[in-house]
Each structure stands twice: as structure tokens, then as C-alpha cells.
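Take a look at the structure below.
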There are 2 protein chains.
Amino acid sequence: MSMLLTNIVELVTNDPAHGDGLGIVPDAAVVVQAGRIAWTGPAVSAPSTDAAVDLGGRCVIPGFVDSHSHTVFAGDRAAEFAARMTGEPYTGGGIATTVAATRAASEDTLRARGQALVREMLAQGTTTVEIKSGYGQDVVTESRMLRIARELTPETTYLGAHTVPAEYADDRAGYLRLVTGPMLAACAPHARWVDVFCEPAAPTAFDEDESRAVLRAGLRAGLLARVHGNQLSAGPGVRLAVEVGAASVDHCTHLTDADVDALAGSWGSGPGPTAGGGGPGPGTVATLLPAVEFSTRSPYPDARRLLAAGVPVALATDCNPGSGYSSSMSFVVALAVREMRMSPAEALWSATAGGAAALRRDDVGHLRVGARADLTVLDAPSHTYLAYRPGVPLVSEVWKDGNRA
Amino acid sequence: MSMLLTNIVELVTNDPAHGDGLGIVPDAAVVVQAGRIAWTGPAVSAPSTDAAVDLGGRCVIPGFVDSHSHTVFAGDRAAEFAARMTGEPYTGGGIATTVAATRAASEDTLRARGQALVREMLAQGTTTVEIKSGYGQDVVTESRMLRIARELTPETTYLGAHTVPAEYADDRAGYLRLVTGPMLAACAPHARWVDVFCEPAAPTAFDEDESRAVLRAGLRAGLLARVHGNQLSAGPGVRLAVEVGAASVDHCTHLTDADVDALAGSWGSGPGPTAGGGGPGPGTVATLLPAVEFSTRSPYPDARRLLAAGVPVALATDCNPGSGYSSSMSFVVALAVREMRMSPAEALWSATAGGAAALRRDDVGHLRVGARADLTVLDAPSHTYLAYRPGVPLVSEVWKDGNRA
């Protein structure tokens, strides 16, 4: 059955066939068939269909692709957040608090929390989400997190190398053997990606050699690579990500010129960030997570430097209980515009097509013919409103695989 | 009929009887009768009632009091916003664009937009809102705006002196005569407040003498005073507000020590901003509007300086199409914590009891016995989540005058 979605005042397609940048079609319609996009264009030219839905003069964008989240966990760290914001001393355990709560939680508890967060994301227009492990840091809990995550999304990431847990503080090599050995073996069946928090400046994170070992072991196990890099210092994360062919390096707050060159070089002459609709290439995307800088009161990454160098940029939430617990891609877009001087169009591209490139997906993040019919409907006349009306829940409905969610 | 609202994991009352600051009651219940709060306390001590509603272990706060908005207007300025954010030249008319669109709009169009925005605010937990005129700048349109605003809220503000319209650019005295004469006469029946944009640094705003004339005329007509002051420069707005006994001076971005002293002095030894539940006093509240600084990429006001001096602080959205189009008090709270270093508790107090003080209302902004039963239910275990989860629509339901909205 074919379905016409019509009365769309502004349709964002990320389809170069409809123009540069966002491929915007005014006064548009979309035809959906078998869960895929069958046609997009001006409403006056729409083909006949079996049924039609009037979207009430709203704006339609591709569903957000949130390519970096940690939405399977237990407990919260609201008190730690409040202490950080007010500058008061806090004696909690940071990430260790979440690791302890996640290990102690039942599978049902973890599943319920993960389901609730993914539902919350979907209601806010996110139709594709990546979810990492990393709060288990033992074989049983890491693999449990990934089994649950896999129920929620195909984009699951093994992050056993998130931090070194307290019980291995004096035996980092032992933890590396676990992460690259039995834990990897237990997790790989449930994961698409391997990830590592590469940050020599953080004593419980991983240095260059350790990170390389983790990534190479994951690659050997058939996983694809992504990296947490350059969040706290201009460390080796970006260069390592490019070296191993990672799809994305995430955070990118502290970059050297060589880092920027490496990222740009990974794409050769491939799609730049304003090449709207360019499918995923073979290079490494720079994924920026400004909600973390918001919630940690840290300096924001320099998005313009990356864009000027032609590096594809993705935006994601990093939704997690410690450094930033927002699940809102609209909020991330608003921050990207306000704090990183991305244009509203660049930010939306990065939150959709950019995220898809960071996940090496060509079926989401755009509304070209053949794409999944994942659509977010905004109660607004244009995509600019995502930044123009910060904090306002503008998403009025969401379609996932051709069905109203 | 008495109604028990129960299974409240954290109840914020702003009632000193329940403790300093926010007057928090854990594991609480509320009794509502005839649209008012009849009892609050631990659920185990709740009196028997005719009916009960289980709030599912959520957090309940007083409905937000948004004491500064401009939500009756026509048109939008999304293109101006985008140009400002990207640093591109923009040749639009600024506020004159909104004045032209508002004058040209039908009463039905203005009413529909205002209703939609107030509904949007209510859905986000705002149960009391102030609405200003100021986009008419002629007798017919100013009074039309206020008639519509009065349908939406009792807190209506005559702001004929928002800017000097183009047709009076060479006759400021003539516009002042209009604002203090026939326009005031037409508007006063629909308004509770008189306001002026006192800002010598802005050529189309009003200087000290002009502002005093506007405020004194409004006071003579039976209105109460509030002031837009010290937004762009350390001008005379704050001192004038205190001089005329204004309930609030709004913006307060640029303050001298004398300004801070004047605000503190206006309260004598009255309630400070952490006196949670202190009823409105006779002084002048400092109302901060950080969503404007967000959307104009401007420096934020120094909330801590005001709090340290004992000045009661209110937070409001300033929802308007030009300088900040957010209607979200949750977003304002998150900005206040991140950007102005207010604690989550201070920010929530300012967004509820502070707003009530800025409107000289003692029936809203708190949940003491006798208050209006205006309650916002958060899908969160504590009020800290408003800042901990920025951008996430946490409001799960809203009660207004004892009824689910």
C-alpha cells in the first residue's frame, strides 16, 4: 500500500537532487511504500497513492540519527551534577557509581530503563540510536548490556574499554587481556562496533597503545571501530581512529592541526559536511557532543575549524548519567548553533546525515528514494525553529519505517 | 470534593513549614479542595479524602510562574535569528518587522497564536504567565493585544513604550504624549501593569526622563509598574524601577554596585531569594531572562552577585519572536544553573516563587495551604532533573486550579 504524506510546508530531504545542503522542498509531499521512501517532491506533482495523511502545514525532517549514547545503565548521578554546577565538593564515585549500580541491577531493571530512554528519544524525533556498553566492565554485565541494547537498536557498541575498573587499578594489563579476550568473545555476538575511551590525560582511560590493542582485537573479531578521542586533551585518539579506519571519533574538543588534517585526509576528496546527502564514505567522521560541554561547563569543540577543513561532522547526545543526561537531539542542534556557530542547516545535516555517516548507514539520515521512511514532524514552519525555539518540544509526531510511532 | 494526589517521590512546596529553600517533602501527598491546596505532607500522614490519584512516584513542583513574556504577536523572525547566529548580514527590520506583522494581523490570527503559545507553555508546566503588549505601538493594536492577552491571563502589561515606532522617529515627544495619553486610556482597562523599555543605549528605546513619565502616567491610571532595565548598558532602569516601587526590573545584565544596593534596599530586611516561600514583599525583584542571552549570544546576568546581596531573583522566558523565542521554563532553569551558577534549588525557586514575587502574587508559585492548586508533575525523581536533563520534556502532566490541564 502506498501512502501520501502531504501538506508539508518545508521538507528536508538531505537529497542533492533537491538542491545543495539540506535538499529542501517547500510545499512538499512524501510517498511511503513498504516502509521506504518511494517519492519526494512538490505536493502539486505528487503521484496518486492508496491513502493520504495531512500533516497540517508542518515541517518534516529525516528522523534524527543519534550516533553516540549510553542509554543502558542503572542509578543516576544527579547529586554529582548539582555539586559540579555549584562548585561544591563531591565525594561520590563518578563513573564507578554507575558501574556499581549497573552491575547490581537486574536484567529487567536495565531493560526497562533502556526501553524508557529509547522511547523518550523516539518521541523527540530520534529514529536511529547507537547504544554502548561500558558500565559493566566485567564479562557478565558488559554482555548483558549489549544483549539489551541489541533489543533496542542494531547499532550496538562494545565499550569494555570505557575505564579501568577499581579492581584492576593495579593490573591494567590484566584488564586489557580481559577486554580483548573473554569479554570481547562474550560481547562480539551482540555488537556491531568496538569503541575505546582513548585519553592519556585521564588515569582510568586508555593510552595510545592500549587503545590500539582494544580496537585491533575488536576488528579481528569482526567489529567495526569507533573511538572516544581528544575529549580532555589533544591526545592520540583522532590519529588512531584514522589509522584503524574508524567510522567516527567522538568528542574532538582538543585537536591539533595534524588531527584536523588526518580527519580531512581520511575522506580524500569525499563528501564535505555541506555536501548534503552524500552517502557514507570511507573516512572518519568527527562526532561532536555539545550537551556534554553544556553539562560539564567545559569549552565547546571548534566545529567551524572542522567544517572549514572539509571534515564531515556528526552531532549526537552522548546521553549518559554522568557527563550529560540529555536525550534531546533538538537541544544538541540548538547548542551547536549557539555555542559552535554551526548554521541551523549545518547542524541539522550533522544531526541526521552526519550521524548516519558516523554509523556508516546509507538507509537513514536522509529521505532519498529507497531510504527508510523515518520522518520527524515538527510543529514549526521550518527546520530553523530547532535552534530558534530552544528547549521547546517541537516534535509533534514521528514515523519509523513508514509507521506512526 | 477533596482529592488526594499521592505517590509523589519528591514534593517541592516552597513552604517554610516544610524546611528552608524549596520546602521539600519526600514520599509526599497533596490534598486539593475547591481548586486550592488544602494539605501537604508525608503520604503516610495524609488525611482521608473523597478521591485519590496516584502520580506514579514522580516529582511535583509548583507550576512555573513565567513573569515576562510577549506571546501575542504575528509573524516570525527566524531568518533574522539565523543571520545573527551565523554572523551573516541581515537587512530585515528587527522589532519593526513584528510591529508591522502584528498591526496587519486580524484579531483572530493574533488570538490563535496567543492561545497556541499559552497552551504550549501550560503543557510545559507554566501555570501563570504574564503577557505584554508592545508590538502595536498604535492605539488600536496595543489595546487589541491587551484585550487578547487578558483572555489568556490576568497578568497583562501595557508596554506601549517598547520602542518608538518609525513614524514617530522625528517626534519622540509626540509618541510619548500618545503613550501617556490616548493609548494609555485605551489600554489601562485591559492591563494590570505598565512597563517601559528603559535603555538610553538603544536609540529607539526610552531614556530616564521618558521612562519615568511613562511609568508615572501608568501609576496614575491605576496600573502597577515593572521595567525593562539594564539589558544593554548600566543605565537608569534599575534605579528608576526602585524609585517608582516597581514589582520587578527585568534583564539586569549590566548593573552597577549602586543598582544592586538599590534592589537590596528596596526589600529592607525582607525575604531573600533563598527564603523559599516568603510571600511577595514590597520591593523590586530582579528578573533574569537567560534564554535571551542564549538566543542573542550575549553575556549572561550575574545572578550570584544579586543573590549574594539578598536581592530576590525571578527567572522568566521573555518568550518573543526577536530576542528569544523559547517558551520553556525548564530550559530557563537549566541555563540559570549552567550559565549563571544558580543551584538547581535556587533556579527552581526563582522560576516559581520568584516569578510570583515579581508579579506580587501570593496565591501562586508555592504549595502552601490556601495556594492555587497549580502543580507540575515531572517524570523524574527530583527537581534537580530540570537542569540535569536539559532539553528533555520532563513535564508529564499539569494541574491548574485543581484540575488536570
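The values are calculated or read from the model by the stated rules, or taken from the named source; none is laboratory data. Owing to the predicted nature of the structure, the values given are computational and were not obtained by experimental measurement. Counting neighbours? That spans all protein chains shown, and the Cβs are built from the backbone with ideal geometry, glycine included. Accessible surface areas use protein heavy atoms only, side chains included; no ligands, DNA or RNA. Shrake-Rupley method; radii C 1.70, N 1.55, O 1.52, S 1.80 Å.
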- [ ] Would you check which residues across the stretch B:100-125 are of a type in the set (Ser, Thr, Tyr) and open to solvent by 30 Å² or more (accessible area, probe 1.4 Å) and list them?
- [x] B:Ser106, B:Thr109
Open item on the list: Considering only the stretch A:170-180, I want to know if a residue exists there that is farther than 19 Å from A:Arg361 by Cα, open to solvent by less than 10 Å² (accessible area, probe 1.4 Å) and of a type in the set (D, E, K, R).
Closed with: no
Open item on the list: So if I check each of A:Arg368, A:Arg341, A:Arg361, A:Arg372, which one is at the interface with chain B (Cβ under 8 Å from one of its Cβ atoms) and either within 20 Å of A:Val25 (Cβ to Cβ) or open to solvent by 10 Å² or more (accessible area, probe 1.4 Å) (or both)?
Closed with: A:Arg341
Task: Test set (1) within 20 Å of A:Ala316 (Cβ to Cβ); (2) modelled with pLDDT under 95; (3) of a type outside the set (Asp, Glu) - A:Pro200 fails condition number - done: (1)
- [ ] Could you list, in sequence order, all residues of the stretch B:143-166 that are under 25 Å from B:Gln231 (Cα atoms) and not polar (S, T, N, Q)?
- [x] B:Met145, B:Leu146, B:Ala149, B:Glu155, B:Tyr158, B:Leu159, B:Gly160, B:Ala161, B:His162, B:Val164, B:Pro165, B:Ala166
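Being closer than 27 Å to B:Arg113 by Cα, buried (at least 23 other Cβ atoms within 10 Å of the Cβ) and touching a residue at least 24 places away in the same chain (Cβ under 8 Å) is true for just one of B:Ala303, B:Ala286, B:Ala314, B:Ala353. Which residue is that?
Working: B:Ala303 fails: closer than 27 Å to B:Arg113 by Cα; B:Ala286 fails: closer than 27 Å to B:Arg113 by Cα; B:Ala353 fails: closer than 27 Å to B:Arg113 by Cα.
So the residue among B:Ala303, B:Ala286, B:Ala314, B:Ala353 that is closer than 27 Å to B:Arg113 by Cα, buried (at least 23 other Cβ atoms within 10 Å of the Cβ) and touching a residue at least 24 places away in the same chain (Cβ under 8 Å) is B:Ala314.
Does A:Ala336 count as within 14 Å of chain B (Cβ to nearest Cβ), touching a strand residue (DSSP E or B) at 6+ places or on another chain (Cβ under 6 Å) and either in a helix (DSSP H, G or I) or over 30 Å from B:Gly87 (Cβ atoms) (or both)? Show your work before the answer.
Details: within 14 Å of chain B (Cβ to nearest Cβ): yes; touching a strand residue (DSSP E or B) at 6+ places or on another chain (Cβ under 6 Å): yes; either in a helix (DSSP H, G or I) or over 30 Å from B:Gly87 (Cβ atoms) (or both): yes.
Here the answer is yes, as A:Ala336 does meet what is asked.
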Open item on the list: Please determine whether any residue of the stretch B:231-254 is touching a residue at least 60 places away in the same chain (Cβ under 8 Å), touching a helix residue (DSSP H, G or I) at 6+ places or on another chain (Cβ under 9 Å) and open to solvent by 60 Å² or more (accessible area, probe 1.4 Å).
Closed with: no
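Could you look through the stretch B:376-405, keep only residues that are within 27 Å of A:Ser295 (Cβ to Cβ) and in a strand (DSSP E or B), and pick out the one that is nearest to the other protein chains (Cβ to nearest Cβ)?
B:Val395
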- [ ] For the stretch B:295-333, enumerate the residues that are assigned to a loop (DSSP other than H, G, I, E, B) and either over 27 Å from B:Ile95 (Cα atoms) or at the interface with another protein chain (Cβ under 8 Å from one of its Cβ atoms) (or both).
- [x] B:Arg297, B:Ala309, B:Gly310, B:Val311, B:Pro312, B:Tyr325, B:Ser326, B:Ser327, B:Ser328
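Considering A:Arg103, A:Arg119, A:Arg111, which residue is within 12 Å of chain B (Cβ to nearest Cβ) and part of a helix (DSSP H, G or I)?
Working: A:Arg103 fails: within 12 Å of chain B (Cβ to nearest Cβ); A:Arg111 fails: within 12 Å of chain B (Cβ to nearest Cβ).
Only one candidate passes the filter, namely A:Arg119.
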TODO: Answer yes or no as to whether B:Gly134 is outside any helix (DSSP H, G or I) and surrounded by 17 or more Cβ atoms within 10 Å (Cβ to Cβ).
DONE: yes
